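See below for the structure under consideration.
The values are calculated or read from the model by the stated rules, or taken from the named source; none is laboratory data. Note that this is a predicted model, so its numbers are computed, not measured. Cβ placement follows ideal geometry from the backbone for every residue including glycine, while neighbour counts extend to all protein chains displayed.
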């Protein structure tokens, strides 16, 4: 799959309120990084099985239903296996019903048609405010 097709799959998973990553799209040695991760959350997860376990567990306890992924801008790079994606996720807090949004930037690298590396820069303050932790 192309980097854009993998991002489209991730986006579909978010909007279906499913874990972000599907096993068949991940390289065995995939690396997921969130350099600005909230306290208690990993900034780096390595390996297909660990990524799947972490994202499945996180999805089960994160109190937000994603309603939209908008303002998506995909930047192609000189490397055909790498894209940079800007986007905004809109979600509803499942306990309070409050709706909020937060901007993100992701750098996505593929290898042999699978996701090899995803680095996501999150607006952690906006996310914390949306879930009532700020």
task = Might you let me know whether segment 49-70 holds any residue that is modelled with pLDDT of 95 or more, surrounded by fewer than 17 Cβ atoms within 10 Å (Cβ to Cβ) and part of a helix (DSSP H, G or I)?
result = yes
task = Answer yes if at least one residue in segment 64-75 is out of contact with any strand residue (DSSP E or B) (no Cβ under 7 Å at 6 or more places or on another chain) and over 14 Å from residue 15 (Cα atoms), and no otherwise.
result = no
query = Taking the condition under 20 Å from residue 12 (Cα atoms), surrounded by 14 or more Cβ atoms within 10 Å (Cβ to Cβ) and out of contact with any strand residue (DSSP E or B) (no Cβ under 8 Å at 6 or more places or on another chain), does residue 22 pass?
reply = yes
request  = Among what's in segment 2-19 and is in contact with a helix residue (DSSP H, G or I) (Cβ under 8 Å, 6 or more places away or on another chain) and on the phi < 0 side of the Ramachandran plot, pick the residue that is surrounded by the most Cβ atoms within 10 Å (Cβ to Cβ).
outcome  = 6
request  = Would you be able to tell me the number of residues in segment 72-83 that are surrounded by 12 or more Cβ atoms within 10 Å (Cβ to Cβ) and either within 14 Å of residue 6 (Cα to Cα) or in contact (Cβ under 8 Å) with a residue 24 or more places away in the chain (or both)?
outcome  = 5
